[in-house]
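Structure, as structure tokens:
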Amino acid sequence: MTEPHSGKVSEIVLDNPPVNALGAALRRHLLASIDAAESDPAVVAIVLRGAGTAFCAGADIAEFASGDMGDPSHPELLNRIEACAKPVIAAITGVCLGGGLETALACHYRIADPSARFALPEVTLGILPGAGGTQRLPRLTGAGEALALMTSGPTINAARALELGVIDRLTDGDVVAAARALAAGPDCPAVRRTGALPVPADLADAVVDARGRLAARSISQAPARIIDCVAAITSDFETGSAVEAMLFNELRTTEAARALQHAFFGERKVSRIPGMGREVKARPIAKVGIVGGGLMGTGIAIALLNAGLSVIVVETRHEAREKSWDAASKAILRDAAKGRIAEAVADARIAALTMAEGLGVLGDVDLVIEAVFEDLAAKEQVFTALDRIVRSDTILASNTSTLDLDAIAAFVADPSRVVGLHFFSPANIMRLLEIVRGAATAPDVLATAMAFAKRVGKVGVVSGVCDGFIGNRLFEEYLRLAYFLLEEGALPQEVDGAMERWGMAMGPLRVLDLAGQDIGWAIRKRRAVEQPDRPYSGIPDRICELGRFGQKVGKGVYEYPDGRTAVPDPAIDRLIVDYSQEIGVERRAIEDAEIVDRCLLALINEGARIVGEGIAYRPVDVDMIYLNGYGFARERGGPMFQADEIGLATVLEKIRALAGGRNGWVWEPAPLLIELAAQGKCFADLND
Ligand code: HSC
């Protein structure tokens, strides 16, 4: 891992593929290398660089769970680097994140090339920069800038890092050669210890300011503790560092930290398809056809154009076509106007969009995504036509959220080329892509869909075929519960308020108002025929009978006087109370904790059923769908993570207790839950 000392400069390499994370072995190696270089009289200076294209992505996150982070610990190692009597120069390319940036800050001088990207993203993992970052960065940039970087974790480029004083020099050429030349030459920087720099002048004001901006309802305590660490900066580096170490350890074991780290690894885990070897290669995708230029089709088009793909939108209606073009180009121009992309990039993206009236133009695309309305006959028309038009290796995808993908695949001669790509609206914003594997979907088609998800910046999660797939199947049980709670005594604002205070981006009733109460109504009508033994509360139907279809018509469960803000409506409160009376239910006060418990248990039980049936590969797949498509707080990890937090034996006990109560039929425990609880296992045991 260490190159031999060449001349008078010692080059120490951070080498731990793929991203040079600072695991224990690498820390030991660095410590030994610094000791060796310092004691070698021939060495005048040290250059620290990363192997490959990255400098270092930080601590090895997998070590946090074990708590085994010593021998040497990160702070011990970095203090040793900083204390080195010979100049240590960091030569930075690629990612320089978290503990990686803290390592660079402990060096005496930092040179980067334009590929370098810097961040202290610990807050996104529910922790804080625990290797001296909270004490060193403010001394270089000022406390205000450092707090902004640490409390929300944005990534900055090399030019910005130079501007802020995070690095000392930016070079266009070979950064290692530049660092070596500097180290060996007459202008070699002197030892300058960041930890010994003066207390930043703006410290007191910046701390007050940051505390004032703290979100009132943050589940994670990390932002507040980061501010505490910065407030603890004194001229004595050790005092502040002791506070940082104490608060780091406090955060490390919190539920939010574990949940956020579950999300980090989970989003990567879901891309692994069990049983699919490396020999399965994704097909190249450069040109995509989208059938249907409505809201969904247009959102998909924007997402794809933003990822540099070439897109043809086929929309038969002239007006809709114009509207789609207009919306897509405006969204791209808005990004340019806000400085997110260069004007030339915006022009290229708009030039990559073609609108067409008929399917005939799709003869040479790599992938077609059908996004017409949810009607099997409409899908049949599209797929049978596409089958005649596209190349034999073109992948055919449906954006259906409710129809049977296998029935759609049967419309083409070769169903192995058909896959579901279920985008969530607005498709250019929402991170989730539910990838539906049909009974006949070919492995390389599935692999292509996964690679495509990554390419367009989505978290792709595979679902088997079932009504509602993973996400909406769980959501249906969650909604069923929410309406039963209304019958029993809660008001809409109480159900939504409890779930929102707990961490959901939006309560279940507000979600349905946003999606359209008429959509829920149509599904309930279908269910009344298909599943007469699984009735819903009659409350939502009563609301629909009043034509209150949600936000789009200004009234649903709530009123929307300004078109956006949900305001509780006394008429709906009366409707609910009357309904309870009509069905003979004596209303009672229902506490937040009971609302959260029941809604969550409904999600967990259905999630367990879905994993047990093999619709989801792993419990973590269910969690990643909920975090990325359904507004489940990342700091809560997802329903299956929550089940493990509660303990599966307790979850089962609670479900069984509910099964003995009103609407007990809802609470039949999932077989997998019973099995795991009996074995003393948890859902996480099934994730690897
Ligand atoms: C930290 O540094 C805390 C410090 O303050 C130290 C505190 C010490 C306190 C001690 C007190 C006594 N660790 O994303 P990709 C894996 S916290 C482990 O698919 P990309 C990743 O799981 C850390 N593994 O690639 C995946 O593995 P798989 C702060 C890590 O090119 C593979 O690498 N740093 C890892 O799309 C490839 O990753 C961060 O939060 C890590 N740090 O993105 C940065 N980083 O193939 C987190 C990656 O088996 N990382 N892996 O699935 C990232 O943001 C992205 O991974 C990159 C690469 C942008 C680096």
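The values are calculated or read from the model by the stated rules, or taken from the named source; none is laboratory data. Being a predicted model, the structure only gives us computed values, none of them experimental. Because the Cβ atoms are built from the backbone with ideal geometry, glycine has one as well, and the counts that use them run over all protein chains shown. SASA here: full protein model, heavy atoms, side chains in, ligands and nucleic acids out. Shrake-Rupley method; radii C 1.70, N 1.55, O 1.52, S 1.80 Å.
Which number comes out as Rg/Rh for the range 580-688 once both Rg and the Kirkwood Rh are worked out on C-alpha atoms? Intermediate results must be reported in sequence, preceding the final value.
On the way: Rg = 14.8 Å, Rh = 14.6 Å.
Dividing the radius of gyration by the Kirkwood radius yields 1.01.
Using Cα-Cα distances under 8 Å and only pairs 6 or more residues apart, what relative contact order does the chain have, in percent? Write down the numbers at each step before the final one.
Values: 1298 pairs, mean separation 59.9, N = 688.
Once normalised by length, the contact order is 9 percent.
Using the heavy atoms of the protein chains and a 1.4 angstrom probe, tell me the accessible area per residue for the chain in square angstrom. It would help to have the intermediate numbers written out before the result.
Details: 27920 Å² over 688 residues.
Accessible area per residue: 41 Å².
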### Task
First compute the accessible area of the chain with a 1.4 Å probe, then give the percent of it belonging to carbon and sulfur atoms.
54 percent
### Task
Would you mind checking Lys269/Lys330; Lys287/Lys379; Lys338/Lys458; Lys281/Lys330 for any pair whose Cα atoms are more than 25 angstrom apart?
Lys269/Lys330; Lys281/Lys330
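Suppose accessible area is computed on protein heavy atoms with a 1.4 Å probe; arrange Lys654, Lys330, Lys681 from highest to lowest.
On the way: Lys654 70, Lys330 115, Lys681 90 Å².
Heavy-atom accessible area, descending, gives Lys330, Lys681, Lys654.
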### Query
Mean shadow of the chain, computed from the convex hull of its alpha carbons, in nm²?
33.0 nm²
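Ranked highest first by the average count of other Cβ atoms within 10 Å around their residues, in what order do 270-282, 659-671, 409-421 fall?
On the way: 270-282: 12.3, 659-671: 13.9, 409-421: 20.5.
The peptides rank, most packed first, as 409-421, 659-671, 270-282.
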### Task
Report Arg334's accessible area, 1.4 Å probe, all protein chains in place, as a number in Å² to the nearest 10.
130 Å²
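Kirkwood Rh over Cα pairs of the range 387-443 into Stokes-Einstein at 25 °C, 0.890 mPa s: D in µm²/s? Write down the numbers at each step before the final one.
Details: Rh = 11.9 Å.
The Stokes-Einstein estimate is 206 µm²/s.
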### Task
Quick one: order Met296, Met640 from most to least accessible surface, probe 1.4 Å.
Met296, Met640
### Summary
So, relative contact order of the range 287-463 in percent, Cα under 8 Å, 6 or more apart, is 21 percent
### Query
With every protein chain in place, what's the accessible area of Thr254 (1.4 Å probe, Å², nearest 10)?
50 Å²
#### Entry: Debye, to nearest 20: dipole size of the chain, +1 on Lys, Arg Cβ, -1 on Asp, Glu Cβ
920 debye
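Give me the orientation-averaged projected area of the Cα convex hull of the range 287-463, in nm², one decimal. Write down the numbers at each step before the final one.
Working: hull surface 35.8 nm².
Convex hull of Cα atoms, orientation-averaged projection: 9.0 nm².
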#### Entry: Rounded accessible area of Ser39 (nearest 10 Å², 1.4 Å probe)
90 Å²
### Within the chain, percent of DSSP bridges classed antiparallel, to nearest 5
20 percent
### Message
Restricting to Cα pairs below 8 Å that are 6+ residues apart, what does the relative contact order work out to for the range 2-253? Please round to a whole percent.
### Response
19 percent
### Summary
Phi-derived 3J(HN,Hα) across the range 459-469 with the Karplus relation (6.51, -1.76, 1.60, θ = phi - 60°), rounded Hz, x for Gly and Pro, is 8, x, 10, 7, 10, x, 8, 7, 5, x, 6
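Note down the net charge around Glu434, summing +1 for each Lys or Arg and -1 for each Asp or Glu among other residues with Cβ under 12 Å from its Cβ.
Numbers: positive: Arg431, Arg437, Lys458, Arg473; negative: Asp621.
Summing Lys and Arg as +1 and Asp and Glu as -1 gives +3.
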### Task
Rank these residues by their accessible area, most exposed first, probe 1.4 Å: Met430, Met499.
Met430, Met499
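So what is the 222 nm mean residue ellipticity for the chain from helices alone, if each DSSP H run of at least 4 adds -39500 (n - 2.57) and you divide by all residues, rounding to the nearest 500 deg cm²/dmol? Before the final figure, lay out the partial values.
Details: 29 runs with 333 residues, N = 688.
It lands at -15000 deg cm²/dmol.
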